[in-house]
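The values are calculated or read from the model by the stated rules, or taken from the named source; none is laboratory data. In this text the structure is predicted, and so the values were computed from the model without any measurement. Glycine gets a Cβ as well: all are built from the backbone with ideal geometry, and neighbour counts include every protein chain shown.
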Amino acid sequence: MTAGETSVSELVCTCCGTSIKDNAKENAWHGETPYPGDAGTGMCRKCGGDPEAKSPRARLGFAVTMFVDARIPFVAERLSKNNRRHFFSMPYEDQAAFVMRLVEKGLVT
């Protein structure tokens, strides 16, 4: 290593197993405190979300979309008919945000 270079360790995505560098470009968890993964693990942008992506699902990432997709029917069936209609008319990112708010409040796991 030459002067001025920094060492970037290699991690394994905890979701898909891809090798990634521990930097903000490749590791969605880079810089988070407390760190959500175990030593040697991270979350690749495909799984953990890419804020630069064009599609809502790519911005949220595979892990979040799988989590949300599994809970959308559960949430919808507990809403009134009018609220269910409104919920399904919302953009996907708004549905995901609603589901995640319910999770944060402990109403959905």
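What to note about this one:
- For His86: the one exception among (1) loosely packed, with under 12 Cβ neighbours inside 10 Å; (2) in a loop (DSSP other than H, G, I, E, B); (3) out of contact with any helix residue (DSSP H, G or I) (no Cβ under 7 Å at 6 or more places or on another chain): (2)
- Residue match in segment 62-77 (condition: assigned to a helix (DSSP H, G or I), surrounded by fewer than 11 Cβ atoms within 10 Å (Cβ to Cβ) and of a type in the set (S, T, N, Q)): no
- Arg84 modelled with pLDDT of 95 or more and within 15 Å of the chain's Cα centre (by Cα): no
- For beta carbons closer than 9 Å, sequence separation of 6+ or different chains, a first residue in segment 84-95 that is in the same structural domain as Val64 (by TED's automatic domain parsing) and among the charged types (D, E, K, R) and a second that is loosely packed, with under 13 Cβ neighbours inside 10 Å and not in a helix (DSSP H, G or I), the qualifying pairs are Arg84/Arg78.
Each row is one residue, and each column tells you yes or no for (1) crowded, with 18+ Cβ neighbours inside 10 Å; (2) modelled with pLDDT of 95 or more.
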site: Ser7; (1), (2): no, no
site: Ser19; (1), (2): no, yes
site: Asn27; (1), (2): yes, yes
site: Gly31; (1), (2): no, no
site: Pro36; (1), (2): no, no
site: Gly42; (1), (2): yes, yes
